[in-house]
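No lab work stands behind these numbers, since they all come straight from the coordinates. Just so you know, these numbers come straight off a predicted model, no measurement behind them. Please note: Cβ atoms are built from the backbone with ideal geometry, for glycine as well, and neighbour counts cover all protein chains shown.
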Amino acid sequence: MLNRVVDQSPPPSLPTERINPFDPPPELAMLRTRSPLSRLRYPDGHLGWLVTGYELARAVLSDPRFSARSELKRVPVARPGTDPFYGSTALPGWLVDMDAPEHTRLRRRLAGAFTAHRMRALRPRVEQIVADHLATMATAEEPADLVAEFAVPVPSLVICELLGVPYSDRGGFQRNSATLFSLRATAEQAARAMAELDALLTELARHKRRRPQRDLLSVLAADDELSTAEIAGTGVLLLSAGHETTAGSLGLGVFALLCHPDQLARLTADPDVADTAVEELLRYLTIFHFGVPRTPLEDVSVVGEVLRAGESVTVSLSAANRDPGRFAAPDRLDIGRRASGHLAFGHGVHQCIGQNLARMEMRVGFPALFRRFPGLRLAVPPEEVSLGRDTGFYGVHRLPVAWS
């Protein structure tokens, strides 16, 4: 039973300053030691809540009384780019901003494309994509940027082929996706980026309805119960989040391994540890920078507090994944750890639908990279690596590496 700890201090804003590039802000752990639930002051002045404990995070994310609807969401940090979307009804197809039954209706149409069986069938193609990009990288001048040469293009091509989006369009959708997730983007910039992404996917959805192919957009286009707007919106969501998140995990994961040579040595000595290594990196790094927003639809009592209907709740996945009540020595990277049950992909009905794809790309990508480049190393001191502190998905902007 989780007990309430009374705290009379003024409600804090969300801590965002990292001391170590791989650790959440230390204030999150301090808050968690007092209580898994803390008051939180949002940028608009709203007084809501912050969840930092693992068990409470799972409980909130699996409780249907806590809504994911976009018209109820508030962001815990200043992020003008969400202004056109939060506080309004979800865009067509954006199931992450919906509750049942709309969320259920859309998600069940996607589930078959991301099963473990489908990922096993897709794996040979992912292995080829990884090998091709590593071969290209081998011809690059050193130092090379691992993000530009490997971490971004691999998941971008994979999600393009899965959806049926021409890879030649990558420049536009990568730029617009980055704008959507940027903390620096204005409302106007984010709205324009969304409009351009929607135009791309709308055109493709109409094309797939006329000339279907063997891809996910064609499957959706064949469903007469889905509107073109819903197909396009779902495509935008999968395309943007589908490459941004995995790119972040690949880039930051390589950075972490290069900074933990003992763990890298374990991975290269025993490729069979790749599965546990991926789960541990997902837990340890947790690239959802600030957490997952939820809003109670009714008054809910948890850990001795009453969360009133309409009050905002931010579930800090990174803090929950460092909870010592769930993971022993949680601030230590241990690729042999059985980290199953981590919350890097969220939890409950909104758990990331593409998690099996992301896992597979990482399980293929990390061993192949270090097998192809056994001498891979940072080409700059770790403190000079450009970190993605200005985006909703934490990662590295550039990762200069050398290998010869």
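Restriction of the GluC sites (Glu not before Pro) in the stretch 128-229 to DSSP coil positions whose beta-carbon has at most 15 other beta-carbons within 10 angstrom yields GLU141, GLU225.
Principal axis analysis of the Cα atoms in the chain yields extents of 60, 54, 38 Å, listed in decreasing size.
On a per residue basis, the convex hull of the C-alpha atoms belonging to the stretch 251-404 measures out at 128 Å³. Computed from label points 7 Å out along Cα-Cβ, the spacing between ALA328 and SER301 is 3.7 nm. Put a plus charge on the Cβ of each Lys and Arg, a minus charge on the Cβ of each Asp and Glu, and nothing anywhere else: the dipole of the stretch 303-404 about its Cα centre is then about 500 debye. Of the residues THR391, THR115, LEU264, the one whose Cα sits farthest toward the positive end of the charge dipole of the stretch 26-402, with +1 on the Cβ of Lys and Arg and -1 on the Cβ of Asp and Glu, is THR115.
Amide H to amide H distances under 5 Å link THR391 with LEU183, where only residues 5 or more positions off or on other chains count and H is placed in the peptide plane. With Cα atoms defining each centre, the stretch 77-146 and the stretch 273-314 are spaced 20 Å apart in the structure. Short-range pairs are left out: with C-alpha atoms under 8 Å and at least six residues apart, the relative contact order of the chain is 24 percent. Dividing the helix sum by the residues of the chain, where each DSSP H run of 4 or more adds -39500 (n - 2.57), gives a mean residue ellipticity at 222 nm of -14000 deg cm²/dmol.
Legend: calculated FRET efficiency, SER13 to ASP390, from the Cβ-Cβ distance at R0 = 25 Å, rounded to 0.05, equals 0.90.
Taking amide hydrogens as placed 1.01 Å from N in the peptide plane, the amide H of TRP49 sits under 5 Å from those of LEU40, SER312, VAL313, THR314, each at least 5 positions away in sequence or on another chain.
When the Cα positions of THR314, HIS347, CYS160 are compared along the charge dipole of the stretch 26-402, HIS347 comes out farthest toward the positive end, with charges on each C-beta of Lys, Arg, Asp and Glu.
Scanning residues 5 or more positions from LYS73 or on other chains, those with amide H under 5 Å from its amide H are GLY87, with H placed 1.01 Å from N in the peptide plane. Neighbours of LEU47 by Cβ distance under 12 Å: Lys/Arg scored +1, Asp/Glu scored -1, total +2. When the chain is treated as a Gaussian network with alpha carbon springs shorter than 10 Å, the biggest mean-square fluctuation among GLY304, GLY242, GLY251 belongs to GLY304.
Here the chain is treated with +1 on each Lys and Arg Cβ and -1 on each Asp and Glu Cβ, and its dipole about the Cα centre works out to around 640 debye. Convert 20 °C to kelvin, take the viscosity as 1.002 mPa s, use the Kirkwood radius over C-alpha pairs of the stretch 1-125 as Rh, and evaluate the Stokes-Einstein diffusion coefficient in µm²/s, rounded to a whole number. It diffuses with D of about 122 µm²/s by this estimate. Here the Gaussian network model covers the chain, with springs between Cα atoms less than 10 Å apart; of VAL315, VAL300, VAL385, VAL300 fluctuates the most.
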